[in-house]
Amino acid sequence: MKPVTIAILLLGVAMIFLIVLKRQTMTKDVETHPVTTETITDTPPVAPDFPPPPVTTETSEATNAPMPPDGVLTTENALSPEAIAEKVQHLETLGMNDDAASLNTILAELRNPQPQIREAARDAAVQFGDPAAIPALKKAANQTEDVDEKILLLQAVKFLELPPLRVPQPN
Amino acid sequence: MIASTENIKITMKNLRSFLPVLTAAALALAATAHATPAKLNDIKTISVEFKLQLQGSFTDDGTVRTYAKPTIQRLDTKGLLDILAADKYAQTNYPANFFPAGSKLALTGSGAVVVVNRNNELLVDVSDIIRIETSTNGIISGRVDNNTGLARPNDTELAITRITFDDTTIIGGKNFSFVIQGLDSIKTNDAVPNQSNGKYREVSNSQATNAAGEGQSNGTRFIITGSFKGSLNAVLQLPT
C-alpha cells in the first residue's frame with residue numbers, strides 16, 4: 001500500500017473517531033440537562049390552597065384599577081401577595097416615623113403601579129401627619145383616573161390641612 | 001526583685017478581695033443587658049384618622065345666646081399616642097411623657113391594647129385607658145374551615161367596632177374621653193397550617209369608615225368622626 005493511501009485511510013479513521021466522540025458528548029449533555037417544556041411560574045412550591053391576596057367579593061382591584069400615568073402594572077412588575085403585604089407593612093411603619101427620609105419614601109410610593117401599595121402610601125402619608133405631604137397628595141389626585149382613589153387622596157389633603165388636636169394640660 | 005515580688009503578691013491579694021465585687025457587677029450588667037422588652041408577634045396594628053368638632057364659644061346678650069362655629073381639629077394615631085404617653089407618665093407607669101418615634105398602637109390576640117416600639121416590643125399596656133371592642137353579632141361571608149375555624153383561604157366579617165377612650169380617672173392625666181364606633185369590615189386570609197407544628201400565616205385587614213361618636217376634652221364637648229383601621233400580618237399557631 002502506498003504511503004499516501006495509508007495516510008488517507010488513517011485520516012478517515014480519525015474523522016470517524018471524532019464524529020463518534022462528538023455524538024457521545026452531545027448525548028451526555030442531554031442526559032444531564034434535559035430540556036423540558038414545563039413553564040416556570042412565579043408560584044413557589046407551597047400547599048395547594050396557598051392564599052391569594054385578600055380581595056373583595058367583587059372583581060380584583062388589581063384588574064379594575066386604571067393604570068397610573070407613570071407606572072404600568074404588568075406581569076413583569078407585578079409583586080407577589082407576600083411582597084405586597086411586606087411593602088404595605090413597611091409603609092405602615094414609615095408612617096409612624098418622624099424623619100424626612102421616611103416621608104420621602106412614602107410619597108414616592110404614591111405612584112407605585114400596585115393599587116394596594118398606593119393606598120398604603122396614602123394612609124402612611126396621613127399618619128405621618130406632616131402637611132408637607134399635601135403637594136404630593138394633590139399631584140397624585142390630579143394624575144389618577146380612578147375616581148375612588150382621587151377622592152381618598154383629596155380627603156387625605158383635607159385631613160392634613162386641619163390643625164392637629166392640642167389637648168391642654170388640665171388645671 | 002524581692003520588692004517587686006512582694007508588690008505582685010499584694011496586687012494579687014487585692015484582686016482576690018475585689019473579685020466578688022467584680023463578679024457581682026458583671027452579673028448585674030449582664031442581667032440589665034438581657035432585660036429587653038418582650039416582642040409581640042400576634043398584634044394588630046391600629047391606626048386612626050379622626051376629625052373633632054369641638055364646641056365653639058358663645059356670647060350671651062341676656063336674650064340670645066350665640067354659639068360660634070365648632071373648632072375643627074384632627075386626631076391621628078400619633079396624637080392619640082401623645083395623650084396616652086402623658087397619661088401613663090402621670091400614672092408613673094411609663095418613664096417619659098412621650099413614646100419614641102416609630103411607636104405603634106396595637107391590639108393583642110387577647111384583646112389588650114398596647115403600645116409597642118418599631119420592633120413590636122412592648123412599651124406599655126394601655127388597656128386601662130383605651131378599649132377596642134367588636135360586636136358579637138357580626139356576619140361572615142367567604143370560606144371557613146370547619147375544623148380549625150380559620151379562613152379557607154379568605155373570609156370577611158362585618159361587625160360593629162367601638163373604641164372607648166377615658167383617662168378622666170388619672171390624676172394628672174389629660175382629662176380626655178370619647179367613644180366612637182363604626183361598621184368594621186374585617187378581611188382575613190389564612191394559610192393552611194403546617195401539619196407538624198400547627199403554625200400558619202394570617203393576614204387580616206379591618207377598616208371602619210364613617211365612624212362617629214362623641215367625647216370631651218378637658219370639659220369641652222366634641223363630636224368625633226372619621227375612620228380607623230387594623231392590620232395584622234403574623235405567624236400564628238393553632239391551639240393544641
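Mind checking which residues of segment B:194-204 are surrounded by 17 or more Cβ atoms within 10 Å (Cβ to Cβ), more than 9 Å from every other protein chain (Cβ to nearest Cβ) and either in contact with a Ser or Thr (Cβ under 7 Å, 6 or more places away or on another chain) or not aromatic (F, W, Y) (or both)? Hit for segment B:194-204 is B:E202, nothing else.
Every residue, every condition in (1) part of a helix (DSSP H, G or I); (2) crowded, with 16+ Cβ neighbours inside 10 Å; (3) free of Cβ contacts under 8 Å to residues at least 60 places away in the same chain, yes or no:
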position: A:Q127; (1), (2), (3): yes, yes, yes
position: A:P135; (1), (2), (3): yes, no, yes
position: A:K138; (1), (2), (3): yes, no, yes
position: A:D148; (1), (2), (3): yes, no, yes
position: A:L153; (1), (2), (3): yes, yes, yes
position: A:V157; (1), (2), (3): yes, yes, yes
position: A:L160; (1), (2), (3): yes, yes, yes
position: A:R166; (1), (2), (3): no, no, yes
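Among the residues of segment B:158-181, which ones are away from chain A (no Cβ under 11 Å) and among the acidic types (D, E)? Passing the criteria: only B:D166. You will find that of B:D184, B:D155, the residue that is away from chain A (no Cβ under 12 Å), surrounded by 20 or more Cβ atoms within 10 Å (Cβ to Cβ) and more than 30 Å from B:A90 (Cβ to Cβ) is B:D184 and no other. What residue, among those in segment B:45-98 that are within 12 Å of chain A (Cβ to nearest Cβ) and of a type in the set (S, T, Y), is surrounded by the fewest Cβ atoms within 10 Å (Cβ to Cβ)? The extreme case among them is B:T71.
Of the set (1) assigned to a strand (DSSP E or B); (2) free of Cβ contacts under 8 Å to residues at least 60 places away in the same chain; (3) over 16 Å from the mean Cα position of the chain (by Cα), all apply to B:F50 but (2).
Is it true that B:N93 is of a type in the set (S, T, N, Q) and either part of a helix (DSSP H, G or I) or more than 24 Å from B:I224 (Cβ to Cβ) (or both)?
Yes, satisfied.
Return yes or no: is B:G142 in contact with a strand residue (DSSP E or B) (Cβ under 6 Å, 6 or more places away or on another chain) and surrounded by fewer than 17 Cβ atoms within 10 Å (Cβ to Cβ)? Quick ask: steps written out before the conclusion?
Numbers: in contact with a strand residue (DSSP E or B) (Cβ under 6 Å, 6 or more places away or on another chain): yes; surrounded by fewer than 17 Cβ atoms within 10 Å (Cβ to Cβ): yes.
So B:G142 fits the description; yes.
For segment B:112-128, the condition holds for at least one residue, the condition being that it is in contact (Cβ under 8 Å) with a residue 60 or more places away in the chain, under 30 Å from B:R221 (Cβ atoms) and not small (G, A, S). If you go through segment B:208-227 and keep only what is surrounded by 18 or more Cβ atoms within 10 Å (Cβ to Cβ), out of contact with any Asp or Glu (no Cβ under 7 Å at 6 or more places or on another chain) and either more than 13 Å from chain A (Cβ to nearest Cβ) or under 24 Å from B:L40 (Cα atoms) (or both), you end up with B:A211, B:G213. Among the residues of segment B:224-240, those that are small (G, A, S) and over 21 Å from B:N197 (Cα atoms) comprise B:G226, B:S227, B:G230, B:S231. Among the candidates B:I186, B:I223, the residue that is within 23 Å of the chain's Cα centre (by Cα) and outside any loop (DSSP other than H, G, I, E, B) is uniquely B:I186.
Any read-out appearing in this document is the output of simple, stated calculations on the displayed coordinates, not a laboratory observation. Note that the structure is a prediction, hence the values are computed from the model and not measured. Positions of Cβ are generated from backbone atoms using ideal geometry, with glycine treated the same way; all protein chains shown enter the neighbour counts.
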